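What follows is a single structure, written as structure tokens, with notes after it.
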Amino acid sequence: MSQEQFPRPEEASLPDIPRSREVFRGDINDAVIQTQLSTGVEIDKGWWDSEVGNHGSTESILDRYDAAYPEYVEQHIAPQPQECVGVDETEVAEHNVEEMNRQNEEEAWESYTPIGSDEYEQANQERNKDGKIEVEKLGDDEHSITLVASIKVDPETGQAISGHENHPGAESMRDTEAAFDEYLADTPPEQRVVIYEGDERLFEDRDESIVQAADSGLVQHLATKEHIPTVSGEPTEAETTDIMERLGVSREELLALYVARGLEPQLASGETDFLAGYINYQAARLGIEGFHDYSESEKQEIVAGGRLDELKAELNQKVSELLPTLNELYQPILDNKDLLVISDDGSIGVNSEFADNIAEIAMDRLNWSGEHRLNEVAKLSMEMRDRVIFHRIIEAHSSGKNPFVVYGGSHIVTLKPALQAYSERQQNS
């Protein structure tokens, strides 16, 4: 944030100041700047450090700012001469461009298509019709956004199914590579950036990248080979927890969703005898008391010390205490049956009634499509993620980049109308 102030309003009356928590969409700095744009009064770093600071949760930082900023505005809102002395015209011009970009982003977001809506269902059916990835370029050759909607296809039926493709020989992987090659041919090196789904997952081998991290792994692998910057479109874990809690979603509800989403790859990994380790990891990520995410060095020390079986027994016991809460969320969707069970040896496992069909259970019934509480949580989670993904794409584009975006098809379907609206507004600005 610059220490210079933009031209102030001519009148001394205190303007309405939006609360930064109300406009927060995953980026603290962006929320704070939006409140300042409404008044024309910009803070400096010294004031931020003394009155707000960066300690504590996102919620507490924004609360401190919202409490202190109105007084700062009141002190700096006195009438000014109409001619602003000492204002850098270049800075004002840049500020005006930034404000226009933010307005374009907010107005374009109104075209977002929520998952499950009639518009979404129609567009998603059209996307799935030919069983191929969908590639669309928005904007013009000089300044564009390339969207790649990934797809997973049942090799026996040729029909699109839920989830991400992790077979190296799949047609969708080859088509993604072809789209990437075209992007390289059309995009100057200085304008290239890849936006991917999920966490950073880097592997030297192409096939391993796909097996371990699906289409996200592939595009990260391709970008690394070409020395192209990459950006995850995801909110941070802290941002996710904070935003979802303010939407009324508990950490235990988020845990139930995360565990369900990860069951298919977890069972496929061959580590089904230690499902408690996976659930412990997700609980630790969410900051649930009593759970710890073990670092690689800690894991190596435990193995070297011969304490692995002891740790497994300890985690099985800890996780078993979570099972009633998790199963309570799963039961209404699964005919009042438990999804997670405790075996005779004390280990945590998946109910055998569901284990052979876990993909359909986890990706369809326990996801956003339904009317139960966990389905509602999944919808909120997806919309929250989409808003952050949208912002990451716009952020890259407004900085002069031509982002290459590879995401799950459902995300692209919901986001494309908003991104089209943004692109059109930018072209007409």
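The values are calculated or read from the model by the stated rules, or taken from the named source; none is laboratory data. Since this is a predicted model, take the numbers as computed values, not measurements. Quick reminder, even Gly has a Cβ in these numbers, built from the backbone with ideal geometry, and neighbours come from all protein chains shown. Just so you know, the surface numbers come from the protein's heavy atoms only, side chains and all, with ligands and any DNA or RNA stripped out. Shrake-Rupley method; radii C 1.70, N 1.55, O 1.52, S 1.80 Å.
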Requested in this report: State which residue pairs qualify: first residue farther than 30 Å from SER381 by Cα and inside segment 286-310, second residue open to solvent by 90 Å² or more (accessible area, probe 1.4 Å) and in a loop (DSSP other than H, G, I, E, B) in any location, beta carbons under 9 Å apart, and separation of 6 or more residues or different chains.
Outcome: GLU301/ARG307
Query - Verdict on GLU321 being more than 30 Å from the chain's Cα centre (by Cα) and open to solvent by 70 Å² or more (accessible area, probe 1.4 Å) - result: no
Query raised in the report: Restricting attention to segment 170-180, which residues are part of a helix (DSSP H, G or I) and closer than 18 Å to ASP207 by Cβ?
Result: GLU171, SER172, MET173, ARG174, ASP175, THR176, GLU177, ALA178, PHE180
Requested in this report: Out of ILE145, ILE161, report the one residue that is within 23 Å of the chain's Cα centre (by Cα) and open to solvent by 70 Å² or more (accessible area, probe 1.4 Å).
Outcome: ILE161
Query - Answer residue from segment 182-199, given it is closer than 19 Å to ALA149 by Cα and not charged (D, E, K, R) and is surrounded by the most Cβ atoms within 10 Å (Cβ to Cβ) among those - result: ILE195
Report summary line: Among residues of segment 39-52 being in a loop (DSSP other than H, G, I, E, B) and either in contact with a His (Cβ under 8 Å, 6 or more places away or on another chain) or at pLDDT 80 or above (or both), the residue surrounded by the fewest Cβ atoms within 10 Å (Cβ to Cβ) is ASP44
Query raised in the report: Which of the residues belonging to segment 361-389 are more than 30 Å from GLU105 (Cβ to Cβ), open to solvent by 30 Å² or more (accessible area, probe 1.4 Å) and not charged (D, E, K, R)?
Result: MET363, HIS372
Report task. Give me a count of the residues in segment 337-360 that are buried (at least 16 other Cβ atoms within 10 Å of the Cβ) and among the hydroxyl-bearing types (Ser, Thr, Tyr). Result -> 1
Query - Any pair with Cβ under 8 angstrom, 6 or more apart, that starts in segment 220-232 at a residue that is without any contact (Cβ under 8 Å) to a residue 24 or more places away in the chain and open to solvent by less than 50 Å² (accessible area, probe 1.4 Å) and ends at one that is assigned to a helix (DSSP H, G or I) and not aliphatic (A, V, I, L, M) - result: HIS221/ARG206; HIS221/SER209
Requested in this report: Could you figure out which of (1) in a helix (DSSP H, G or I); (2) within 27 Å of SER250 (Cβ to Cβ) isn't true of ALA313?
Outcome: (2)
Query raised in the report: How many residues does segment 105-141 contain that are part of a loop (DSSP other than H, G, I, E, B) and either under 20 Å from the mean Cα position of the chain (by Cα) or without any contact (Cβ under 8 Å) to a residue 12 or more places away in the chain (or both)?
Result: 10
Query raised in the report: Which one of these does HIS372 not meet: (1) touching a residue at least 60 places away in the same chain (Cβ under 8 Å); (2) out of contact with any strand residue (DSSP E or B) (no Cβ under 6 Å at 6 or more places or on another chain)?
Result: (1)
Requested in this report: For segment 265-312, name all the residues that are among the polar types (S, T, N, Q) and under 23 Å from the mean Cα position of the chain (by Cα).
Outcome: GLN266, ASN280, GLN282
Requested in this report: Tell me which of these LEU334 doesn't satisfy, since it passes every other one: (1) modelled with pLDDT of 95 or more; (2) open to solvent by less than 10 Å² (accessible area, probe 1.4 Å); (3) under 20 Å from LEU255 (Cβ atoms); (4) under 22 Å from the mean Cα position of the chain (by Cα).
Outcome: (4)
Requested in this report: Could you pull out the residue among ARG373, ARG392 that is in contact with a Gly (Cβ under 9 Å, 6 or more places away or on another chain) and modelled with pLDDT of 90 or more?
Outcome: ARG392
Query raised in the report: If you go through segment 339-355 one residue at a time, do you hit one that is at positive phi and without any contact (Cβ under 8 Å) to a residue 60 or more places away in the chain?
Result: yes
Report task. Within segment 17-38, track down each residue that is outside any helix (DSSP H, G or I) and either open to solvent by less than 50 Å² (accessible area, probe 1.4 Å) or modelled with pLDDT of 75 or more (or both). Result -> ILE17, PRO18, ARG19, PHE24, GLY26, ASP27
Requested in this report: For ILE61, state whether it is aliphatic (A, V, I, L, M), modelled with pLDDT of 85 or more and buried (at least 16 other Cβ atoms within 10 Å of the Cβ).
Outcome: no
Query raised in the report: Mind checking which residues of segment 120-157 are modelled with pLDDT under 90 and among the hydroxyl-bearing types (Ser, Thr, Tyr)?
Result: THR157
Query raised in the report: In this structure, does ASP154 turn out to be more than 22 Å from the chain's Cα centre (by Cα), in contact (Cβ under 8 Å) with a residue 24 or more places away in the chain and open to solvent by 30 Å² or more (accessible area, probe 1.4 Å)?
Result: no
